[in-house]
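The values are calculated or read from the model by the stated rules, or taken from the named source; none is laboratory data. Computed from a predicted structure; not experimentally measured. For neighbour counting, all protein chains shown are included, and Cβ atoms are generated from backbone atoms with ideal geometry for every residue, glycine included. All accessible areas refer to the heavy atoms of the entire protein, side chains included, with ligands and DNA or RNA removed. Shrake-Rupley method; radii C 1.70, N 1.55, O 1.52, S 1.80 Å.
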Amino acid sequence: MAQMITIWVVVLLGLERFIAVCKPLRAKVWCTHRRVRMQLACVIVAAIVFAIPRFFTQTTKVTVNSCTSETTARVVASGLGKSKEYSISVNTIFLIIAYLVPLTLLTYINTKLITVVRKSYQDQSKLQHYRSKKSLKQKDKLTLMLIVVIAVFMVCETPVFINHLVYIKGYMGLPHSYFNVVSNTLVTLNSSVNFFIYFLFGKKFRRMMIKKFSKSKKSEQNHVFFSSSSSQEHPQVNVHDKIVSLDPEIEKKEISRYNVGC
């Protein structure tokens, strides 16, 4: 369920950028906060509905040992889980919805975005106004960042798609096990690599992160500074150190008088 949501969120990001770059006049109407929230809600609800039947594919079987009266519970496949028709239909729908359709859309979107970026770089040499050139360059960086995100996503998710296709035919031996480990590692890598892509290409994101970490470090330094300053302003002084006298007898009298007063 979570993997399907992740996949379709990337597709929504690609579609948003595709509309903003290729259909700029319609972007203000189609790419609104309200529409984005509705799209995310639809993706989450659809993923939950698709995952509901999987909760009924397993059941708990309780067995009691007649000799020791020990009760053992284990999870086994239910009647629905043992159904071959259900397994084939669900796996086929999952492959189409979670991999085939998203990867096809992302391939088309990435191809269009790459074409737009190449064309904009060619047009930059013809620009005369500095602001227009700078604005175009910022848009290109944002588009390029999304192109890299989609490309990394496709590289990491395609082996999983192939792995699911292989699993339909059955286990293929030791090479299949190695391929399964590699595909799962790529999925994990894809979940963590986007932060570094945003930091590398996103100037605003990079500036916000540096500002956040520098602010937290500065506040920690200020805390240490004020703590040391307060300890210097109010040092702990021994009472006997405050009584200074050249005559030892007078000093003893002052100390005894001070102790009586306390």
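Please work out how much length the chain gains when fully extended from S214 to M1, using 0.36 nm per residue of separation minus the C-alpha to C-alpha distance, in nm with one decimal.
Result for the pair: 72.9 nm of gain on full extension.
Where the accessible area of segment 1-109 is counted over protein heavy atoms with a 1.4 Å probe, how much of it, in %, is carbon and sulfur?
Heavy-atom surface of segment 1-109 belonging to carbon and sulfur, 1.4 Å probe: 67 percent.
About its Cα centre, what dipole magnitude does segment 18-74 give when the only charges are +1 on Lys and Arg Cβ and -1 on Asp and Glu Cβ, stated in debye to the nearest 20?
Roughly 600 debye, rounded to the nearest 20.
If each of V45 and S78 carries a label point 7 Å out from its Cα toward its Cβ, how far apart are those two points in nm?
Output for this residue pair reads 2.4 nm.
Around T63, under 14 Å between beta carbons, what's the net of Lys plus Arg minus Asp minus Glu among the other residues?
Counting the neighbours of T63, the net charge comes to +1.
At most 13 other Cβ atoms within 10 Å and a DSSP loop assignment: could you name the chymotrypsin sites (Phe, Trp or Tyr not before Pro) in segment 11-66 that fit?
Here no chymotrypsin sites (Phe, Trp or Tyr not before Pro) fit, given the DSSP loop and packing criteria.
So how much slack lies between N184 and L200, counting 0.36 nm per residue of separation and subtracting their Cα-Cα distance, in nm?
3.2 nm
So if I take the alpha carbon set of segment 1-117, get Rg, then get Rh from the Kirkwood formula, what is the Rg over Rh ratio?
Reported Rg/Rh (Cα atoms, Kirkwood Rh): 1.24.
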